[in-house]
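Quick notes on the structure that follows.
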Amino acid sequence: MTEVLAAMVLAQNAVTGAMARVLPRQLSERDPLVRPSEHADFQSNVALALAKAAGQPPRELAQALQQELAGGVVSSTLSGAGFLNLSVDDAQLWRQVEARLADRRLGVGEPLVGTRTVIDYSGPNIAKEMHVGHLRTTVIGDSLVRVLSFLGGDVVRQNHLGDWGTQFGMLIQYIDEHPEARWQGADPGEQVSVLDGLYRAARQVFDADPEFVERARLRVVALQSGDEATLAVWRELVAVSTAAFQQLYDRLGVLLTPEDSAGESTYNPVLDEVVQELVDAGIAVDSDGALCVFFDDVTGPDGEPAPLIVRKKDGGYGYAATDLATIRHRIRKLEADRILYVVDARQALHFQMVFATARRAGWLTDDVEAVHVPFGTVMGPGGTPFKTRSGGTVRLSELLDAAVEGAREAVADKPHNLDGEALERVIQAAGIGAVKYADLSTSRAKNYVFDIAQMVALQGNTGVYMQYAHARVRTILSKAPQDSLDAPVDASLALHPVERALVLALDGFDATLREVAQELEPHRLCGYLFALAKAVTDFYGACPVLKPESAGVRANRLALCRLTAQTLARGLDLLGLQAPDRM
């Protein structure tokens, strides 16, 4: 790919070059301080920042820089006490459009080539239905997978299923004692729904009957020791649940597959080895019969040191041991350069202790970055926890059903020429996309209210609005004569102000994706796409595309439409949303 430099990079390079010719070396290598501006394409206040060190009045230094910029692709004017207003040459901007259209990657680089990132996300529990609490980890994690992969990274998806532990001894024992409780059926989703109910029933007995607790404990021992009858039931629970999860993943349009599953049971065979390694290193120590790791800087509410319990008093292993085995595996076996844990913010202390322990053990070195990617909570109306009317957890499948019906109502009166099947595909894409976009467009650190009416609105920063913006541009292109679509860009034509604004918006795609990859914040991409959608709306509102004043102008404007449609479609895909051509 021939590198396509963004307009801002061109402006930065131009000012840096002028600085090198005007200032001594120790100053010329400073940041040129080029930023977007309302007064021009960009503005630099580097003259004000360096004037004192250069021993010159700011305006005088700015004039010297302005003279060096004269005649290049970036022109400048002087304003105020020494601001440089920078404008990129029209012909250069048209060449930018042409170059991006000729590149299948739309001018986006691949800065992550040669890196491997492991992303841990979704993580539902076997024999339990996915619920609203699994939404954010799944869609945020999936978007990060897509963006990092597109930027050239080698990304390993990891679905850390909850498939081991005491709860399975409890459930399997309950199933064994209640042969009338049939859960097998044709649809995996329905089977898991029944299993979820059986789990709740088993929990009630477990909490009330000490004798059942003992039988469940023995069943756990049987499971862990490899009893074939117990393992057979457990394998069936895993198979049915995995199939049910995949139904939801396919419906959500996320990339996870059964091959990405690496549940807690994966690491069970190495837990003894992992913990012994910590004991031998003096990292895990005995504390009242349990093996714990203590930290100088981690204390509990009582002010006492808060331990990471790697083995309980009864000899059993919990989440800490499994997570330590997991991070060791991802570093040693998967050879990760970066490990992302897309898990809600309430687990921050847990991951702080796991990462610190892994560093002390020598597994997590300076060459590997482990990051907890926290997120807020999905709230119900009024900002209260999102629950059903009976106070239960909202099932993810029901949430998606409600969103699709909301989309159906929202587009019911919208004129279209779609037949029944095509219309249904659009409604499904709009409903599912609305849920995902509402989640992703919110800063992941914040809570947000799940409001279907707002999510499916045709105006504002919503998934449906973004999909309509893409479809409208595609409609314009579908009406254009083929010879105009095939015509080359004429770089000699002057840019209309809204054309210029659209070109500059398109130029920001690469920088936005790099920010998402660095900050792990998909809402930055949502904000970019929303701004791009508004820019193209302003463009075709002010500039006739199909019937302009000349064939050359029409070809250039169609080129802008093509690049915009491709950028919107690619951006929506990186969020995990479909981009229908018609709506």
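Between residue 176 and residue 314, the contour length at 0.36 nm per residue exceeds the Cα-Cα span by 47.2 nm.
Over all directions, how big on average is the projection of the convex hull of the alpha-carbon atoms in the range 336-491, in square nanometres?
16.1
If you take all other residues with their beta carbon under 14 Å from the beta carbon of residue 447, and give Lys and Arg +1 and Asp and Glu -1, the sum is +1.
For the chain, lysine pairs with C-alpha atoms less than 26 angstrom apart, excluding pairs fewer than eight positions apart on the same chain, total 15.
Other residues with beta-carbon under 10 Å from the beta-carbon of residue 544 carry, at +1 per Lys or Arg and -1 per Asp or Glu, a net charge of +2.
Between helix 463-478 and the chain there is an angle of about 50 degrees, using the helix long axis and the longest principal axis of the Cα atoms. Note on the range 1-103: Kirkwood radius taken over Cα pairs, Stokes-Einstein applied at 25 °C and 0.890 mPa s, translational D equal to 176 µm² s⁻¹. Mean separation of Cα pairs under 8 Å and 6 or more residues apart, divided by the residue count, gives the range 1-143 a relative contact order of 21 percent. What angle do you read, to the nearest 10 degrees and between 0 and 90, between the alpha-carbon axis of helix 509-519 and the longest principal axis of the chain? Helix 509-519 sits at roughly 40 degrees to that axis. Excluding ligands, DNA and RNA, the accessible surface per residue across the range 435-540 is 40 Å² with a 1.4 Å probe.
Using only the Cα atoms of the range 218-372, build the gyration tensor, take square roots of its eigenvalues as a ≥ b ≥ c, and label the shape rounded, prolate or oblate: rounded if a/c is under 1.5, else prolate if a/b is larger than b/c, else oblate. Oblate, because a/c is 1.5 or more while a/b does not exceed b/c. Rounded, prolate or oblate, given the Cα gyration tensor of the range 111-249, with a/c below 1.5 counting as rounded? It is prolate, given that a/c is not under 1.5 and a/b is the larger ratio.
Were the residues from residue 492 through residue 347 laid out at 0.36 nm apart, the gain over their Cα-Cα distance would be 46.5 nm. For the range 55-97, the residues whose amide N sits under 12 Å from a probe point set 7 Å from the Cα of residue 21 along the beta carbon direction are 64-74.
Applying the criteria of a DSSP loop state and at most 12 other Cβ atoms within 10 Å to the trypsin sites (Lys or Arg not before Pro) of the range 309-414 yields 313, 333, 389. The shape of the range 123-169 can be summarised by an equivalent ellipsoid whose semi-axes, obtained from the alpha carbon gyration tensor, come to 27, 13, 5 Å from longest to shortest. Only Cα sites of the range 291-372 enter the Debye sum here, all with the same form factor; the resulting log10 I(q)/I(0) across q = 0.15, 0.21 1/Å is -0.55, -1.04, listed in q order. Rolling a 1.4 Å probe across the protein heavy atoms gives the range 93-184 an accessible surface of 31 Å² per residue.
A 1.4 Å probe run over the protein chains yields, for the range 272-414, 52 Å² of accessible area per residue, whole-number rounding. Only protein atoms count toward the accessible area here, which uses a 1.4 Å probe; on the range 384-462, the carbon and sulfur part of that area reaches 49 percent. Counting only GluC sites (Glu not before Pro) that DSSP places in a loop and that have at most 10 other Cβ atoms within 10 Å, the longest clean stretch of the chain runs over 181-548.
Over the range 495-574, what relative contact order in percent results from Cα pairs under 8 Å that are six or more residues apart? RCO, the range 495-574: 36 percent.
Computed about its Cα centre, the charge dipole of the chain is approximately 1660 debye, with only Lys, Arg, Asp and Glu carrying charge at their Cβ. Taking only protein heavy atoms and a 1.4 Å probe, the accessible area of the range 196-240 is 57% carbon and sulfur. Each pair of Cα atoms in the chain enters the Kirkwood radius, and Stokes-Einstein at 4 °C and 1.567 mPa s then converts it into a translational diffusion coefficient of 47 µm²/s. The long axis of helix 166-177 is offset from the longest Cα principal axis of the chain by roughly 50 degrees. Ligands, DNA and RNA left out, the 1.4 Å accessible surface of the range 482-535 is 54% carbon and sulfur atoms.
Sorting 368, 213, 34 by solvent-accessible area of protein heavy atoms yields 213, 368, 34, largest first, with a 1.4 Å probe.
In the chain, Cα pairs under 8 Å separated by at least six residues give a relative contact order of 14 percent. With N as its number of residues, the range 205-310 has a Cα radius of gyration that, divided by 2.2 N^0.38 Å, comes to 1.49. Value of Rg to Rh for the range 62-192, rounded to two decimals, is 1.35; Kirkwood radius and Rg both from alpha-carbon coordinates. Taking each residue as 0.36 nm, the span from residue 259 to residue 89 lengthens on full extension beyond its C-alpha to C-alpha distance by 56.1 nm.
The values are calculated or read from the model by the stated rules, or taken from the named source; none is laboratory data. On a predicted model such as this, the values are computed, not experimentally measured, just so you know. Here Cβ is always computed from backbone atoms with ideal geometry, including for glycine, and neighbour counts include all displayed protein chains. The protein model used for the area step is the full one, side chains on, heavy atoms only, and it has no ligands, DNA or RNA in it. Shrake-Rupley method; radii C 1.70, N 1.55, O 1.52, S 1.80 Å.
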